[in-house]
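The values are calculated or read from the model by the stated rules, or taken from the named source; none is laboratory data. Bear in mind that the values here come from a model prediction, so they are computed numbers and not experimental data. For neighbour counting, all protein chains shown are included, and Cβ atoms are generated from backbone atoms with ideal geometry for every residue, glycine included. Quick note on the areas: whole protein, heavy atoms, side chains included, nothing else; ligands and nucleic acids left out. Shrake-Rupley method; radii C 1.70, N 1.55, O 1.52, S 1.80 Å.
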Amino acid sequence: MAEHAAAHPAYPVGLRLSGRRVVVFGGGQVAQRRLPALIAAGADITLVSPSATPSVEAMAEAGEITWVRRRYQDGDVADAWYALVATSDPVANAAASAEAERTKTWCVRSDDAAAATAWTPATGRVDGVTVAVLTGHDPRRSAAVRDAIVEGLRDGTIAAPQHRTRTPFVALVGGGPGDPDLITVRGRRLLAEADVVIADRLGPRDLLDELPPHVEVIDAAKIPYGRFMAQEAINNALIEHAKAGKSVVRLKGGDPFVFGRGMEEAQALAAEGIPCTVVPGISSSISVPGAAGIPVTHRGVAHEFTVVSGHVAPDDPRSLVDWASLAKLTGTLVILMGVDKIGKIAEALIAHGKAPETPLALVQEGTTAAQRRVDATLATVAETVRAQEVRPPAVIVIGEVVGEGPDKLVK
């Protein structure tokens, strides 16, 4: 029978198991991998096994499955719509499989695919689409094909336009620190679905080259704003395109809510009754030091880090930063947008008690091909920036972690 079945391909089908009885034999690693999808499908799951992994046991304790703590017994498959046989006992597996055959219950066997009446495909889900791949007896190839399709759908490299009416959206997307590979999967997918992209100078520019030709790309720095401030003009552009029924992505560097004025844009949209999705991004405050080999925290060195905007000098009345308190901290200080003010910032920190020899690093164009790191101290940083011609964008890291790196021993 198995020989005859092998001559024909499997017939793919999606099982709707919500509220229907499913029985799983064995509480080991196979069950641990398969149970979450069965739970997500809403199945009424009975696990028959004398033991289980801690993760499977937690599912039982949470009431997600019913656990019968014993070995397989004849009759366990009764009334089940689907069975998963995955014990370490070949005799029990064969008996459970035989019962499933008698009761006409579709049955997956982890130990003998040829003896099973059903196979579990390599499955992935993205944006409401389930991708299921079967390649006979080559599960690694199935997984590889599944991964390629899911990744393509996520990042837009596989074009799969929706033919039903698509609801327009507005999304504030954090593009990460600069390397296009460091945008989130969701951010990249929304970019691929956009009609209009309003991009910051610090956003991952390489991603814009991947957009289809019909997508309107607007440089936020070049939006004419006349009597409006630049931010107001950007807000108005978002509102205008959203009201025109377009799908709009506001592509920002780093994270929209870390010195990105994202909340101002969200509030402006909300005032017009336009909902928006916020997609967090990898902040340069953490990722850029990391890319340069600097941990913002390190055991025995720094137990906290503080992120500060340096776009306003310490002696400027508009400054909201308590530099005196920052000087007393023993952890790491990360300064964004502070290259042209770093001289005055260093003076203020030293004046409030920070040691002049405190190590400091400036990481310019972090995570991109142009990245470079320049080291100094609080006492020497002003002259170093001038001599080395450090230019924005650069992240400044102050603290003992600057001296740590992969070549250092853990303290």
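Worth pointing out:
- Cross-link reach list, aspartates and glutamates versus Lys104, counting only Cα pairs under 16 Å and skipping chain neighbours closer than eight places: Asp74, Asp76, Asp79
- Note: relative contact order over the stretch 149-249, using C-alpha pairs below 8 Å and six or more positions apart, is 32 percent.
- Cα radius of gyration and Dmax for the chain (Å): 28.6, 86
- The length gained by stretching the chain between Glu304 and Glu232 to full extension, at 0.36 nm per residue less their Cα-Cα distance, is 22.4 nm.
- Against the main long axis of the alpha-carbon atoms of the chain, helix 139-155 sits at an angle near 40°.
- Neighbour-limited loop hits for GluC sites (Glu not before Pro), the stretch 340-375 (at most 15 other Cβ within 10 Å; DSSP other than H, G, I, E, B): Glu357
- Euclidean distance between Cα centres, the stretch 94-152 to the stretch 287-340, Å: 51
- The residues of the stretch 1-157 expose on average 59 square angstrom of accessible surface per residue, using a 1.4 Å probe on protein heavy atoms.
- Surface composition of the stretch 165-287: carbon and sulfur atoms hold 54% of the protein heavy-atom accessible area at a 1.4 Å probe.
- For the listed peptides 248-261, 57-70, 282-295, a ranking on the average number of other beta carbons within 10 Å per residue, highest first, reads 248-261, 282-295, 57-70.
- Ranked by the mean number of other Cβ atoms within 10 Å of their residues, highest first, the peptides 397-404, 105-112 fall in the order 397-404, 105-112.
- Taking the protein heavy atoms of the stretch 314-411 in the context of the full set of protein chains, the accessible area attributed to carbon and sulfur is 55 percent at 1.4 Å.
- Cross-linked pairs Lys222/Lys354; Lys243/Lys341; Lys252/Lys354; Lys252/Lys341; Lys246/Lys341: Cα-Cα separations exceed 31 Å for Lys222/Lys354; Lys243/Lys341; Lys252/Lys354; Lys246/Lys341.
- Pairs of alpha carbons in the stretch 99-228 whose separation is greater than 18 Å (percent): 66
- Selection from Thr297, Gln371, Ala114 lying farthest towards where the dipole of the chain points positive, charges on Cβ: Ala114
- Here the stretch 43-149 carries DSSP beta bridges of which approximately 40% are antiparallel, counting only pairs with both residues inside.
- Secondary-structure-derived ellipticity at 222 nm for the chain, considering helices only, amounts to -8500 deg cm²/dmol, per-run term -39500 (n - 2.57) for DSSP H runs with n ≥ 4.
- In percent, rounded to a whole number, the relative contact order of the chain is 10, using alpha-carbon pairs under 8 Å and six or more apart.
- Acute angle (nearest 10 degrees) that the helix 262-271 long axis makes with the longest principal axis of the chain, alpha-carbon atoms: 70
- Rg followed by Dmax, in Å, when the stretch 309-395 is reduced to its Cα trace: 12.5, 38
- Counting 0.36 nm for each residue step from Ile39 to Glu383 and taking away their Cα separation leaves a gain of 117.7 nm.
- Taking every alpha-carbon pair in the stretch 1-121 and binning the separations at 5 Å intervals from zero gives 2, 12, 23, 26, 20, 11, 4, 1, 0 percent.
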